[in-house]
Amino acid sequence: MTTENPGSSTRPTVRVTGMFVSLDGYAAGNFVAIEQPFGEAIALTTGFDGRAIHGIDKVPDLTFDNAMTSLWGQGIGVEIMGRGKFGPQTGPWTEDGWRGWWGEEPPFETPVIVLTHHEREPIEFENGTAFHFLDATPAEALARAAELAPGTDVRIGGGPTSVRQFLEADLIDTMHLVIVPVTIGTGKRLLDGDIAPVERFEIDAVTMPSGRTHQLWRTKPRG
């Protein structure tokens, strides 16, 4: 799918799918470590069945939460993520053998662009996942994604800093946020800075018996 932006060429539709946010606005912790990939934000994952990202048939229960989670991969040809989602390392890469949090079967099964100031050769897996390490602005990363998988949607996979950069660049078309009924008190917020959601998005919200609230954000028509 492609999107027409006034004054710009056709570009892929850009989506955020299933991003967890706490009641006090945090979408990630301040730190990640090999033993603690979610840092102090681990409470955001409570009750989450990750199998649903591969389809509603992969989980035992047909719940609204699982059905919404199953939207994760539909129509997606490329993910763009920040370096912190790929691993805990910072600075220049070392020869430590790190290939991501997911072992030899990453769930993406598509090209993935990892935004980093330290570029390196791609890392490829047999299931079709290929990590490309790119030092780029949001617009440049999106152009590269369109080259890697023409005619498909692009998912901005996080963390919140990367999503916020694409929001600030006005390059996100839809977002599915999951507001989790926990407070964290510290970490990285999704909506810091000069972002006015009500002015730019139509927002629907549904609250589940689980306590989670699913928000669907859609860009408003622009004249």
- line: Of the residues in region 74-83, those that are touching a residue at least 24 places away in the same chain (Cβ under 8 Å) and not charged (D, E, K, R) come to GLY75, ILE76, GLY77, VAL78, ILE80, MET81, GLY82
task: Among the residues of region 52-76, count how many are surrounded by fewer than 16 Cβ atoms within 10 Å (Cβ to Cβ) and under 19 Å from the mean Cα position of the chain (by Cα).
output: 5
message: Can you tell me which condition GLN89 does not meet? The list is (1) assigned to a strand (DSSP E or B); (2) free of Cβ contacts under 8 Å to residues at least 12 places away in the same chain, and all the others hold.
response: (1)
- prompt: For MET68, which of the numbered conditions (1) out of contact with any strand residue (DSSP E or B) (no Cβ under 9 Å at 6 or more places or on another chain); (2) closer than 21 Å to GLY18 by Cα fails to hold?
  reply: (1)
message: Please determine whether any residue of region 106-116 is surrounded by fewer than 18 Cβ atoms within 10 Å (Cβ to Cβ) and either at pLDDT 95 or above or within 14 Å of the chain's Cα centre (by Cα) (or both).
response: yes
- prompt: Which numbered condition trips up VAL112, out of (1) part of a loop (DSSP other than H, G, I, E, B); (2) under 30 Å from GLY97 (Cβ atoms)?
  reply: (1)
field: Any chance GLY77 is at pLDDT 95 or above, touching a Phe, Trp or Tyr at 6+ places or on another chain (Cβ under 6 Å) and of a type outside the set (Ser, Thr, Tyr)
entry: no
Helices (runs of 4 or more DSSP H) (entirely within region 125-223) containing at least 1 residues that are buried (at least 18 other Cβ atoms within 10 Å of the Cβ): 138-148, 160-168
field: Test for TRP72: is it at pLDDT 90 or above and assigned to a loop (DSSP other than H, G, I, E, B)
entry: no
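For every residue, the table says whether it meets (1) within 25 Å of HIS132 (Cβ to Cβ); (2) assigned to a strand (DSSP E or B).
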site	(1), (2)
ASN30	no, no
GLU40	no, no
LEU44	no, no
ASP57	no, no
ASP65	no, no
ILE80	yes, yes
LYS85	yes, no
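The values are calculated or read from the model by the stated rules, or taken from the named source; none is laboratory data. Just so we're clear, the structure is a prediction, and the values are computed from it rather than from any experiment. A quick note on method: Cβ atoms are made from the backbone with ideal geometry, for glycine too, and the neighbour counts reach across all protein chains shown.
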